[in-house]
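J.: Attaching a single structure in C-alpha cells format; questions to follow.
All of the numbers you see were taken from the coordinates with simple rules; none came from a lab. The model shown is predicted, which means the values in this text are computed figures rather than measured ones. Backbone-built Cβ (ideal geometry, glycine too); neighbour counts: all protein chains shown.
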Amino acid sequence: MNVIKGFLYLLGFLLLGDVVVTLLGLPISAGVIGMLLLTGWLLVRGRMHDDIAAISQPLITLLAMLIMPGVVGVFFVLGDYSQYWLAALLALVLGTLLSVLTTLWLMSRMMPRQPKQDQADE
Amino acid sequence: MSDFLASYTALIDHLTATPIAAIAITLLAFFLGNAIFQKMGRPTWCPGILIAALIVVLILILLRIDYVQYQEGARWIILLLGPATVALGVPLFQQIHHIRALWKPILFTLPLAAIMAALYAILLAWLAGAPPELLASFAPKSVTAPIAIGITEQLGGSIPILMGGLLVTGVMATLWVNLLGRWLKIEDHRILGFALGINGHAIGTVRAFEISPTAGAFASLGMGLTGVFTALFLPLVWILMGM
C-alpha cells in the first residue's frame, strides 16, 4: 500500500513537472523538473518521506530494465548510420578520454586535500 | 509448410496485438541477462544491460517478431522512466550533505566538467561530418540514461543511437579513469568517484562502488548533478547554435 501511495507522489511530481515545463515553455523534460521539485520539497520538509523512499529504491534498481528496450533499438538502426562510424568512434572514445582527463585535472586542483591521507603531489 | 508459416505469423500477430508479449520478453531477457552477467563475474567491459538487449534481439529474430511490433509493446515499460526519473530526487536529497560540505570545489569543477564532456563529443563528431541528428544523440552521452533520453528527445536525436553511445561511453569512462588515474597518481577516492560518475554515468558509478563506498557516493553525486546540469544547459546550447 505504501508503495502505491509513494508511486502516486512520484506521478504527482511528474505531472507538476509537466505543468511547469508546459506553462514556462522550458526545453527540459518533465521528469527532470519533477525530480528537482521532489528534491526541493524534501529539503523544505527536512527529512525523507517513507512512502516515496519505499517506491524509489525498487524503481531505481529497475532503471536498467526500463532502459533496456531502447538499447535493443541500436542493433536495428546501426545499418542506417554505418557511414558515420568515425564520428561515433571519435566522440565516444577520444571524447571520453578528453573529458575524463579534464575532470581529473580540474578535481585534483580544486578538491581540498583529504585529512590524514598522504598523497603525492602532481 | 507455407500453411504452417502463415498460421504461425497470424499467431504472432495475435500475441503482439497487446503489450503483454513484449513486456514478458523484456522481463525474461532482463533476468536471464542479469544471471549471465553474474556468472561472467560482472565484467565492466560488458554491462548486463547489453547482454539483456542481445537476448531480446535473439528472441525477436528466432520468433520472427518485428522490431517495431516489439517496440510498440515495450513502450509500456519505457513509460515508467518518467516516475523513475523523479525517484532520482531521493538519492539526490540523501547526498545533499556532501554538496553542502564541498559546494565550492563542486561549483567550480562540475559544471565545467559536464560542459566539456558534452562539447568534446559534439565537436569531434561535428569535425568528422556527423549530421545534427547524430550530434543530438551523442551530446548527452555522459548523462544517466533516464535523463539523457529526455534531453535527446528535446534536441531531436535518435534514442537507439543515444543508448549505444551511453553504453560505449560508460565502458570507456571506466577504462580511462582507471588508466589516467594511475598515470596522474590520483589516489583520492572522492576524485576518482566523481570522475567516474560525471563521465561514465551509471556504468561508472557501479565501478566506483567496487573501489570503495566513498568513491561510490561521490560517483552517484557526480552522476546526479551532471544529469541535472546537462539537462538544463544543453537545450540552451542548441537554441544558441540555432539547431
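J.: Hey, what does the equivalent ellipsoid look like for the range B:167-243, semi-axes from the Cα gyration tensor as sqrt of 5 times each eigenvalue, largest first, whole Å?
T.: Semi-axes (√(5λ), whole Å): 26, 13, 11.
J.: Same structure, new question: How do B:212, B:220, B:142, A:82 line up, fewest other C-beta atoms within 10 Å first?
T.: Ascending Cβ contact count within 10 Å gives the list A:82, B:212, B:220, B:142.
J.: Quickly work out the residue B:62-to-residue B:96 label distance, labels modelled 7 Å from Cα along the C-beta direction, and quote it in nm with one decimal.
T.: Reported label-point gap for residue B:96 and residue B:62 is 4.9 nm.
J.: May I pose another question? What is the magnitude of the charge dipole of the protein assembly as shown about its Cα centre, with +1 placed on the Cβ of each Lys and Arg, -1 on the Cβ of each Asp and Glu, and no other charges, expressed in debye to the nearest 20?
T.: Magnitude of the dipole: close to 980 debye.
J.: Now, a different point. Once all Cα-Cα distances of the range B:90-160 are split into 10 Å bins that start at 0, what whole-number percent is in each one?
T.: 19, 39, 28, 14, 1
J.: Can you put B:31, B:229, B:138 in order, fewest other beta carbons within 10 Å first?
T.: Final ranking by Cβ density, sparse to dense: B:31, B:229, B:138.
J.: State to the nearest 20 debye the size of the charge dipole of the range B:2-79 about its Cα centre, where the only charges are +1 on K and R beta carbons and -1 on D and E beta carbons.
T.: Using only the charged Cβ atoms, the result is roughly 400 debye.
J.: In addition: Considering only A:96, A:67, A:32, whose Cα is most displaced toward the positive end of the charge dipole of chain A, charges sitting on Cβ of Lys, Arg (+1) and Asp, Glu (-1)?
T.: A:32
J.: Across 5 Å bins from the origin, how do the percents of Cα pairs in chain A run, short distances first?
T.: Each 5 Å bin holds this share of Cα pairs: 2, 8, 9, 11, 11, 13, 15, 15, 10, 5, 1.
J.: Given a cut-off of 40 Å, what percent of all Cα-Cα pairs of the protein assembly as shown lie beyond it?
T.: Summing the P(r) tail past 40 Å for the protein assembly as shown gives 13 percent.
J.: Also: Of B:171, B:216, B:128, whose Cα points farthest to the positive end of the dipole of chain B (charges on the beta-carbon: +1 Lys, Arg; -1 Asp, Glu; origin at the Cα centre)?
T.: B:216
J.: Suppose R0 equals 35 Å. What FRET efficiency, 1/(1 + (r/R0)^6) with r the Cβ-Cβ distance, do residue A:76 and residue A:2 give to the nearest 0.05?
T.: 0.30
J.: Considering the options B:140, B:242, B:192, tell which one lies farthest towards the positive end of the dipole of chain B, charges being +1 on Lys and Arg and -1 on Asp and Glu at the Cβ, about the Cα centre.
T.: About the Cα centre, the residue reaching furthest to the positive side is B:192.
J.: Within 10 Å of each residue's Cβ, count the other Cβ atoms and sort A:60, B:191 from fewest upward.
T.: Ordered by Cβ neighbours within 10 Å, fewest first: A:60, B:191.
J.: What is the Cα radius of gyration of chain B over 2.2 N^0.38 Å, N being its residue count?
T.: Ratio of Rg to 2.2 N^0.38 Å for chain B: 1.13.
J.: Compute the distance in nm between two label points, each set 7 Å from the Cα along the Cα-to-Cβ direction, one at residue B:35 and one at residue A:83.
T.: Modelled inter-label distance: 4.4 nm.
J.: Also: Mind putting a number on the dipole of chain B about its Cα centre? Charges go on the C-beta only, +1 for Lys and Arg and -1 for Asp and Glu, and I need it in Debye to the nearest 20.
T.: 800
J.: Round to the nearest 10 and give me the degree value, 0 to 90, for the angle of helix B:159-183's Cα axis relative to the longest principal axis of chain B.
T.: 40
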